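See below for the structure under consideration.
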Amino acid sequence: MPPTFIVASMCILGVSTVFGVFTNLLIVTVNVFDKVRGRKLNPSDLIMVTLGAFNVFFQLIMLINDYVSFLDCDLYSSEQIYTFFTVLLVLPIFSSFWFTVCLSIYYYLQIVMFTYPFLIRLKLGVSQLIPKLLMASVFTSVANGIPAAWYRYKDHLSFDIANNQSLIAAPKVNVVYMLPSTIISCSLPLTFIGIANGIIIKSLLSHSHKEDRNANGDLTPKAEARIRAARTIGGLLLLYITFYVSEVLLFIDTFPRNSPGFCACLIVIYIYPPAQSVVLILGSPKLKQISLALLHCLFRKKQPKTIEIVFVKL
């Protein structure tokens, strides 16, 4: 019987994959249907569609990777299989980070007031800028991810299960590759997102005035959109930091493989894509409304039929 932490990890991974694939496909499907019906996607919708599609790919690859490593160590340790999964896991992770940067840049250009001519031109041409940034994000991720096929090694770990030894191969990449790739595709995006989030929050606080409220004292739709964007970027930044820290802790072998700390880091990694999709859904009124409608349909209780009994006096 496999260790308890492996069984628990497999269950959590399965549940998070089902939920994450559903929520990310919801983001993709709703926006694709809008495009089919003739509605032009704005830059934020395009970013969310791209991010959702890559998240689905990441979750499916992660599911297969971890299940194979848990259930068939010999197969996973083979040179071809190990290299295949290593590269396919790195690519969507790096891409997701850079796509989040694209979303931060979009919200930054939409919310912050500019006086510099260059930034004003960027703001006016944001619909042409975002597709180019998405393509650059994919190119950067591929350029940083492909070399993982050459700079990697396999770390075999043993578990004592009822006095029987069980081996599990843990994915590892060489430090020579890990340091520059982490700086370029992990630390750098995190810095950009943090700076954008800080500037957005500062702009909202410094430019809050009476025009943001209507006659009843309620926030105007434009002000609500700015606050919603700031919350979205803040939520994505928090998820980014927890995911990044968990990955680093696993890479430097901070916790033993059968410890609660190791399981906690795995859980954070497993729930990152579905949690990210939830943040995106809550930040979009359209997606939020559709999600609530689906939940209402799923959990709506059928009204019991009332039976009227008529007594006839003979």
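The values are calculated or read from the model by the stated rules, or taken from the named source; none is laboratory data. For clarity, every value in this text was computed on a predicted model and none was experimentally measured. So basically every Cβ, Gly included, is an ideal-geometry build from the backbone, and we count neighbours across all protein chains shown. The area values use the complete protein model at the heavy-atom level, side chains included, leaving out ligands, DNA and RNA. Shrake-Rupley method; radii C 1.70, N 1.55, O 1.52, S 1.80 Å.
A few comments on the model shown:
- Within the range 1-95, helices (runs of 4 or more DSSP H) holding 1 or more residues that are hydrophobic (A, V, I, L, M, F, W, C) and buried (at least 20 other Cβ atoms within 10 Å of the Cβ): 4-36, 43-71
- Count - residues of the range 100-149 that are assigned to a loop (DSSP other than H, G, I, E, B) and either touching a Lys or Arg at 6+ places or on another chain (Cβ under 8 Å) or over 22 Å from Leu188 (Cβ atoms) (or both): 5
- The residues on offer are Ser104, Ser127, Ser78, and the sole one that is over 30 Å from Lys202 (Cβ atoms) and either out of contact with any Ser or Thr (no Cβ under 8 Å at 6 or more places or on another chain) or modelled with pLDDT of 85 or more (or both) is Ser78.
- Contact map, the range 240-257: first residue touching a residue at least 60 places away in the same chain (Cβ under 8 Å), second residue surrounded by fewer than 16 Cβ atoms within 10 Å (Cβ to Cβ), Cβ cut-off under 6 Å, separation 6 or more or different chains; pairs are Arg257/Leu157.
- Test: Lys222 is loosely packed, with under 13 Cβ neighbours inside 10 Å, at pLDDT below 80 and closer than 26 Å to Gln110 by Cα: yes
- Considering the range 107-118, and only residues there that are of a type outside the set (A, V, I, L, M) and open to solvent by 60 Å² or more (accessible area, probe 1.4 Å), the residue that is modelled with the highest pLDDT turns out to be Gln110.
- Failed item in (1) free of Cβ contacts under 8 Å to residues at least 12 places away in the same chain; (2) farther than 28 Å from Pro260 by Cβ, with Val7 passing the rest: (2)
Conditions tested, residue by residue: (1) modelled with pLDDT of 90 or more; (2) within 23 Å of Tyr107 (Cβ to Cβ); (3) in contact with a His (Cβ under 8 Å, 6 or more places away or on another chain); (4) not β-branched (Val, Ile, Thr).
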position	(1), (2), (3), (4)
Pro2	no, no, no, yes
Phe5	no, no, no, yes
Ser9	no, no, no, yes
Gly14	no, no, no, yes
Leu26	yes, yes, no, yes
Val36	no, no, no, no
Lys40	no, yes, no, yes
Ser44	no, yes, no, yes
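- Residue match in the range 119-128 (condition: in contact with a Pro (Cβ under 8 Å, 6 or more places away or on another chain), more than 17 Å from Phe94 (Cβ to Cβ) and open to solvent by 40 Å² or more (accessible area, probe 1.4 Å)): yes
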